[in-house]
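The values are calculated or read from the model by the stated rules, or taken from the named source; none is laboratory data. Note that the structure is predicted; figures quoted are calculated from it, not measured. Backbone-built Cβ (ideal geometry, glycine too); neighbour counts: all protein chains shown. Accessible surface areas use protein heavy atoms only, side chains included; no ligands, DNA or RNA. Shrake-Rupley method; radii C 1.70, N 1.55, O 1.52, S 1.80 Å.
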Amino acid sequence: MSLVVPGHLHRVALAVEDAASAHEWFNAVLGAGALNSDRHPDDIRSGGEADLEGTDVRMFRLGGYPVILLSKGAPEGPVAKFLERYGPGVHSLAWEIEDMWAVQNLLAERGVRIGAVNIPGRHFFMHPRDTHGVLMEWTDDTFGGNKRHQDEGGGVVDVTGVAWVTAAVADAESTATFLTDLAGAIPVSGNARGPEDRELTIDLGIGDMTLRLVTALTPESPYASNDGSSRLYSYALRVAELDAALAGLEAAGVPTVRRERGLAATDPSATFGLPIEWTT
């Protein structure tokens, strides 16, 4: 049995330079919907010793999943440091659990370091050095489950779901073994992927989200890291029809930079620095 039993994905956190402008773009171009919750963004910002003081937080649903945009914050805060080191991108992933204190104690007993415990926000992080570079968070709070809401849609592109979030890691196989033992991750098949001689790709289901682990095998891989670090890298959105979606994005000023076997990537410079992939 796994150490942790994940429930729904609680949220995808994206780090950007300008959360307000990015939020407007997600609404207009991708038809993001409101994230209705009793929780206020101040609850997310407050409480942790290395938490998000002063951070501009914007919350919404995309493809049924909660997304949180993070920007600014204290000059030496975690979001500022992330942006300085990596630039915009996927900051972290959070899953719901039954009891955060029980899980925290189990992880500590296993030797996994805990950081940024946020009592008002009901969450804590595991240290990425103990999780193969994947910044993961656990919470016993909820946004009420992940399903597409009626107010989603109406943008230039109709996003039907979040297909997966990609982590570029040094060793996808050992990371997959770790996540299987930690969180009961199960293999997921059938998703479009890049050439096998360019990168090793492993898709894992954790709760109701697919985490894609990619190890670059050649410098030509888009996941080859210049500094050799392992981290969450990008995310993929599902659309009903790929050609139509890419044409709509092109018309909205978002060009395609890569396309292969049912998978496309758009220019991050046109999406607030965020690397986004597209698939059916």
If you scan the stretch 258-270, which residues turn out to be in contact with a Pro (Cβ under 9 Å, 6 or more places away or on another chain) and surrounded by 14 or more Cβ atoms within 10 Å (Cβ to Cβ)?
-> ALA265, THR266, ASP267, PRO268, ALA270
Please enumerate the residues belonging to the stretch 177-192 that are in contact (Cβ under 8 Å) with a residue 12 or more places away in the chain and surrounded by fewer than 20 Cβ atoms within 10 Å (Cβ to Cβ).
-> PHE178, THR180, ASP181, GLY184, ILE186, PRO187, VAL188, SER189, ASN191, ALA192
Based on what the data block shows, is GLY154 modelled with pLDDT under 95 and open to solvent by less than 10 Å² (accessible area, probe 1.4 Å)?
-> no
Just name the residue that is farthest from ARG259 (Cα to Cα) out of those in the stretch 185-211 that are acidic (Asp, Glu) and part of a loop (DSSP other than H, G, I, E, B).
-> ASP208
Only one of ILE119, ILE68, ILE114 that is of a type outside the set (D, E, K, R) and either buried (at least 18 other Cβ atoms within 10 Å of the Cβ) or under 25 Å from GLU277 (Cα atoms) (or both) | ILE68
Could you list, in sequence order, all residues of the stretch 74-111 that are under 28 Å from LEU3 (Cα atoms), at pLDDT 90 or above and open to solvent by less than 10 Å² (accessible area, probe 1.4 Å)?
-> VAL90, SER92, LEU93, ALA94, TRP95, LEU107
Say we look at the stretch 142-165 and pick out the residues that are assigned to a loop (DSSP other than H, G, I, E, B) and in contact with a strand residue (DSSP E or B) (Cβ under 7 Å, 6 or more places away or on another chain); which of these is nearest to GLY207 (Cα to Cα)?
-> ASN146
Do the conditions hold for ALA22, that is, is it touching a Phe, Trp or Tyr at 6+ places or on another chain (Cβ under 6 Å), in a helix (DSSP H, G or I) and at pLDDT 95 or above?
-> yes
With respect to THR160, determine if the residue is closer than 20 Å to PRO6 by Cα, surrounded by fewer than 21 Cβ atoms within 10 Å (Cβ to Cβ) and of a type in the set (S, T, N, Q).
-> no
May I ask you to list the residues in the stretch 245-280 that are among the polar types (S, T, N, Q) and under 14 Å from ALA22 (Cβ atoms)?
-> SER269, THR271
Quickly run through the stretch 119-141 and pick out the residues that are more than 17 Å from the chain's Cα centre (by Cα) and in a loop (DSSP other than H, G, I, E, B).
-> ILE119, PRO120, GLY121, ARG122, ASP140, ASP141
